[in-house]
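Step one of this worksheet: look at the structure below.
The values are calculated or read from the model by the stated rules, or taken from the named source; none is laboratory data. Model, not experiment: these values are computed from the prediction. Methodologically, a virtual Cβ is constructed for each residue, glycine included, from the backbone with ideal geometry; neighbour enumeration extends over all protein chains shown. These accessible areas exclude ligands, DNA and RNA; they are computed on the full protein's heavy atoms, side chains included. Shrake-Rupley method; radii C 1.70, N 1.55, O 1.52, S 1.80 Å.
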Amino acid sequence: MLLIACPWCGPRDETEFVNGGEAHIDRPTPAESVSDADWAAYLFFHDNPRGWLAERWVHAFGCRQWFNVERDTVTHEIRRVWRLGEPRA
Amino acid sequence: MGESTALWTLAAPGLAIAERQTPASVLRIRRPDAAVIRALGEAFGLSWPAAPNTVAEGAVRIAWLAPGEWLLFASAEPVGEPVATACEGWLHHLSDVTAGYRLWRIEGPRSRDLLAKGAALDTHPRVFRSGQCAQTLFAKVHALVIPDRSGDAFDLLTDVSFAGHVRAWFIDAAEEFRA
Amino acid sequence: MSGRRLPGGGRIDRNRPLNFTFEGRPYRGYVGDTLASALLAAGVRVVGRSFKYHRPRGLLAAGVEEANALVQVGEGARAEVNLRATEVELHEGLTARAVNCWPSARFDVGAVNNLFGRLLPAGFYYKTFMWPDWRWFEPVIRRAAGLGRPSILPDPDRYETRHAHCDLLVVGSGPAGLAAALAASRRGERVMLVEQDPLPGGSLLWRPAQIDGRSGSDWAERAAAEIAAAPDALVLTRTTAIGYFDHNALALLERVAGAAGSPGPDHRPRQRLWSVRARRVVLAAGALERPLVFPGNDRPGVMLASAVSEYAARWAARAGDEAVVFTNNDSAYAAAHALLDTGGRVAAVVDSRPAPPARRTASLQARGVRTLLGASIVATHGRPALTGVTIRDAEGHDHRVAADVLAMSGGWNPTVHLFSQSGGALVWDGEQALFRPGRSAQAEVSVGAAAGEFGLSTAIEQGWRAGGGEGAPPLADAADERWTIGPLWRVPARGKAFVDFQNDVTADDIALSARENFVSVEHLKRYTTLGMAADQGKTSNVNALAIMAELTGRPIADVGTTRFRPPFTPATFGAIGGRARGELFQPLRRLPAHDRHVQAGAAFEEYGGWLRPAHYPGAGESAHAAEQREALAVRRAVGLFDGSPLGKIDVVGADAAEFLDRIYANTLSTLKVGRARYGLMLNEQGAVIDDGVTVRLAADHFLVGTTGGGADRIAAWLEEWLQCEWPDLDVLVAPVTTAWAVLTLSGPKARDVLDAAGVDMAIGEEDFPHMTFRECRVAGVPARISRVSFTGEVSFEVSVAADRACELWDRLRLAGAPFGLAPVGIEAWMLLRMEMGYLHLGADTDGATTPDDIGWGRVLKRRRDFVGRRSLTRPELLRKDRLQFVGVEAVDSTVPVPVGSHLRSPGLPSGSEGYVTSSGLSPTLGRGVALAMVRAGRSRYGEELLVITGEGRGRRVRVTVPGVRGPGGEPLDG
């Protein structure tokens, strides 16, 4: 039962959020010039580290805003939360 | 303020709940800056709740829902003009959602215990007071919670389509307080 | 009652006796007794039979670590099985019986298993009962296995849930926990103190102590009262912290109604599950004593030394008259003294250490107790309960001594379960021969015995500081004594020496596991089932892994422990489910005109999270007949359908059209004001995720329509793209689905009815053509009307504010009565669209269906990008043999083809060409109509296939264009 600090609403129970997978995935464009391999990477090949992962969450039952979280996939420690568009580091 | 008749009520030791329809509109503004916030505040005679999860009380109660999104406890008609004037030049949209919500007033010393049965939100007066609001998952549905000045009462806003479910939930939850 | 109840003392109320039965026999106890203490005081020595060997067993412990006395309490719907007798509070009329024995604990038929012990070692079911066919033995083994018979009647009790937040959560109300909670509550913090026992105090309830000039139990009572009186403090007794989760979230299980099996007063819940989020946690759950592993250590009468003391001090129940104490550490000496103090005799103290602290042995010798050093117990005697033991002295000579209770102590295990669940790392303390908390992973600290600190003063101080206490902590009057231990993991002698009492695992089983190379502690656990019983190895885990360490020549720290998992003690499913059952399990949405549907006699079903009318059966009318009648009404006259769940999302702004062109697979920007267009939305894999009709209200204002089940999902989808990918688009999205009610008139008479109801504009075909949209008033109610059709008949989708729904329903029904207007439910509505060959997302499509699969390949935008476009040219999506949306009709039959049935080419022995996705009986034509997904279906019209699964197997069907054709081949539509 994670406690996630929404950048707008502060720390809230995990049940208010929905996970959106790996963060900072750039959508390849224009479509015509994207190779099958690159498109497949965008769709299906995402990082799954044992350790720190940058991921997206949306505060679905709160302010409905998307934001980024850095979470350790083993200990579930969350060390950083930042808004979209803000620099990661 | 004259209140409409309650659509449904429940009473239990230390607890009273009343369900009403409430005039409501949602104002959305794209990337509002301090100027339009100020203009809105002046138009409504209050300090516009720009900070997340805050509520302002004036001629109309205004609650923050999201960046650039506020719930006005008024139907769109009476507030349309002041909103349009203040937001001139900004992309904005006012939706009348009076028919889309239900307002539940929960009062009594056991209000917080009742809320604690339905939501993981911390409602202790030290952290949740009049002037604040919070959206959360309550009784498994999305809800807006607004604490009252008295500390013993809360307004809860849920989607109208869940009214039947929320009533059933209140009836069941109140059983414990009758013991 | 036999004379095992001490004449005075104990925290029992001798003025309030209680009657109870155990195994059908009547006994008496007192308020304050547990079932275990009352049985012990009554002289009952055999309380159950072991799991596998059905050996007679007595009480081992006094608390949660009890492994033998598993009982079933109560009868009928309130029967609860596999409770530990040590945790059952005695109440008047309690009925209990031992589990796992028949006909009784004293005379158990299952004891025959003990005779075949050599055939039943660890893992026997993989080896012994395999030939000639393991399946012969399985039913017998299944019936013999398991403990207790739970009730299959509905549970009549309530189980509540509650959330809570605090600054400090303290688990355990012994001296350390009380000190922590006291300190924090005096600072005005929000404190929760959790205690699994009915009384606060922990070991202070039975261990003699003096704190701040008072007796330990007195100090505990006052401290707990002071904490409970603080305004922001909560003291929960009878509450076990069962789990420690991420970010200081803990689960507490409160037994509200007191004794198990007792009927609670009305409304009072039986149990309450608390979900707590704490800023800081103090773990003060104490420590549990370890048994010693020696032959015959499971005989009734062999008990943990601290339990013998606790029974005497807390419940005035003496475990026996003639005791022997067997120990490898100092704490059992206190038990020997306590036994003497109650007037019992201690025949001998057997200390496995050759040179324990002199003051310990001297104090006992001064009281006339014989002490043997460097000695051990190698056998116990007596049937069914203990009558004597065999002691092997330091020289190797055996002595037989009479005894009816053997108090054993193998050391102490700090209760680290919650610490470990929190992610903390354990360290092996070689000097104290125990695992204790090392590095914490969360905002938590362990104090007192739970941290391996057994000195009372130090424990109190640790708790005090952990609670933020400033200044002097409460003071224990006696100085802390040093405690020493000489590890003895097993006594090398012949005979069954039990390690896990509940699952009947012996030291020999561990040796067997090692011989078979299951040497990792995780393998050891699964191979022998050690630690897998309801007690989760509380008395067995450390002994087992230490024995394994010795056998394999590894340090104990290297062998390590298995994972600690919640719950700490067994929790009921009722408590976990709480009140989220029946109607409250899943929130369902109700239609704005719900009451009108009820009045019209609707039969409701759940569709996409909404409670909607499936059909409106008349008196005595079957569901099928109602569906057929309603569908016919639409074809011949007019029907009234509630389409309110349809998603409605306002999209406004200069970039509204651009945004929708990026989201939709077809073009929306060319839609003219006042017109409606069907749109397909795809995900990035190219699969169709929603369809709906969108109308344009102005150049910069669209009203996006979605499916009823997709409204929330698509609103969130639009937000995600705007926030994450295209934040610079000048557009706003405003979902308004539930603020509007949608009532649809459909049928040849639809226009007549609308006219009769009163509408303030022209609605003739030229004035208000198909796929257009108008704002107007219907019967005086402000409305929006769309001319879209899901049925193939002329249709008017009338939208009004949701709070005017009932009013509109009434006006339309009144206006429609002369024209034969009938309310139409979902089932009939689906039949109508099936007749037209219109697809229904989720029924005819799945998570991989693309626009081309459903015949919409040509409407897609050619030149510009949209979500999912790139995927449409992936090789997988360009295959020629993809499933395509077609119609299916039965050959020579009017009976509908079953939904889901697979289709195969005649003559082929295997494989599937596809399957039926929608099917029903067309009332218009009196025969079955079906839609299907068939491989390359669009190039196979006219081809015959066979149904190969379900009912109708072997029936011939023909692939057709979707939609029913009339006799001349013309499409059937309005």
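Residues are listed down the side, and each one gets a yes or a no for (1) outside any loop (DSSP other than H, G, I, E, B); (2) modelled with pLDDT of 95 or more; (3) within 13 Å of another protein chain (Cβ to nearest Cβ); (4) crowded, with 17+ Cβ neighbours inside 10 Å:
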{"position": "C:D558", "(1), (2), (3), (4)": "yes, no, no, no"}
{"position": "C:T562", "(1), (2), (3), (4)": "no, no, no, yes"}
{"position": "C:F568", "(1), (2), (3), (4)": "no, yes, no, yes"}
{"position": "C:E583", "(1), (2), (3), (4)": "yes, no, yes, no"}
{"position": "C:P587", "(1), (2), (3), (4)": "no, yes, yes, yes"}
{"position": "C:D595", "(1), (2), (3), (4)": "yes, yes, yes, no"}
{"position": "C:V598", "(1), (2), (3), (4)": "yes, yes, yes, no"}
{"position": "C:G601", "(1), (2), (3), (4)": "no, yes, no, no"}
{"position": "C:E605", "(1), (2), (3), (4)": "yes, yes, no, no"}
| task | Could you tell me whether C:F518 is open to solvent by 40 Å² or more (accessible area, probe 1.4 Å) and more than 22 Å from C:D351 (Cβ to Cβ)? | result | yes
| task | Please work out if C:D246 is within 14 Å of chain A (Cβ to nearest Cβ) and surrounded by fewer than 21 Cβ atoms within 10 Å (Cβ to Cβ). | result | yes
| message | Considering only segment C:295-304, I want to know if a residue exists there that is part of a helix (DSSP H, G or I), modelled with pLDDT of 95 or more and over 30 Å from B:L115 (Cα atoms). | response | no
| said: Restricting to segment B:2-21, and then to whatever is open to solvent by 80 Å² or more (accessible area, probe 1.4 Å) and polar (S, T, N, Q), can you tell me which residue is nearest to B:T158 (Cα to Cα)? | reply: B:T9
| field | Any chance C:R360 is in the same structural domain as C:E310 (by TED's automatic domain parsing), open to solvent by 40 Å² or more (accessible area, probe 1.4 Å) and either over 29 Å from C:G8 (Cβ atoms) or not acidic (D, E) (or both) | value | no
| said: Suppose we filter C:R804, C:R751, C:R777, C:R811 for residues that are open to solvent by 40 Å² or more (accessible area, probe 1.4 Å) and in contact with a helix residue (DSSP H, G or I) (Cβ under 6 Å, 6 or more places away or on another chain); which single one remains? | reply: C:R811
| task | Looking only at segment C:884-931, count how many residues are free of Cβ contacts under 8 Å to residues at least 60 places away in the same chain, in a strand (DSSP E or B) and within 30 Å of C:G857 (Cα to Cα). | result | 8
| Can you name the residue in segment A:30-55 that is open to solvent by 30 Å² or more (accessible area, probe 1.4 Å) and aromatic (F, W, Y) and, of all such residues, is nearest to the chain's Cα centre (by Cα)? | A:W52
| query | Just one of A:R27, A:R88, A:R64 is open to solvent by 60 Å² or more (accessible area, probe 1.4 Å), within 11 Å of chain C (Cβ to nearest Cβ) and assigned to a loop (DSSP other than H, G, I, E, B); which is it? | reply | A:R64
| task | Would you mention how many residues in segment C:2-17 are surrounded by 12 or more Cβ atoms within 10 Å (Cβ to Cβ) and closer than 21 Å to C:G48 by Cβ? | result | 1
| task | Considering only residues that are more than 13 Å from the chain's Cα centre (by Cα) and of a type in the set (V, I, T), look in segment A:67-84 and name the one that is farthest from the other protein chains (Cβ to nearest Cβ). | result | A:V74
| Taking C:R383, is it under 50 Å from the mean Cα position of the chain (by Cα) and surrounded by fewer than 19 Cβ atoms within 10 Å (Cβ to Cβ)? | yes
| Does C:S376 satisfy the criteria of being within 27 Å of C:N541 (Cβ to Cβ), buried (at least 22 other Cβ atoms within 10 Å of the Cβ) and touching a helix residue (DSSP H, G or I) at 6+ places or on another chain (Cβ under 6 Å)? | no
| message | Just to be sure before I move on: is A:P11 open to solvent by 30 Å² or more (accessible area, probe 1.4 Å) and part of a strand (DSSP E or B) in the structure I sent? | response | yes
| request: Only strands (runs of 3 or more DSSP E) wholly contained in segment B:92-179 count here; list those with 1 or more residues that are of a type in the set (G, A, S) and either out of contact with any Cys (no Cβ under 7 Å at 6 or more places or on another chain) or more than 10 Å from chain C (Cβ to nearest Cβ) (or both). | output: B:92-96, B:134-138, B:141-147, B:153-159
| Search result, residues across segment C:163-196 that are in contact (Cβ under 8 Å) with a residue 60 or more places away in the chain and open to solvent by 20 Å² or more (accessible area, probe 1.4 Å) | C:H163, C:H165, C:D167, C:R186, C:R187, C:E189, C:Q196
| task | May I ask you to say which residue of C:W740, C:W717 is open to solvent by 20 Å² or more (accessible area, probe 1.4 Å) and more than 9 Å from every other protein chain (Cβ to nearest Cβ)? | result | C:W717
| said: For segment B:104-119, check the following and say yes or no: at least one residue is farther than 24 Å from C:G578 by Cβ and either open to solvent by 30 Å² or more (accessible area, probe 1.4 Å) or of a type in the set (A, V, I, L, M, F, W, C) (or both). | reply: yes
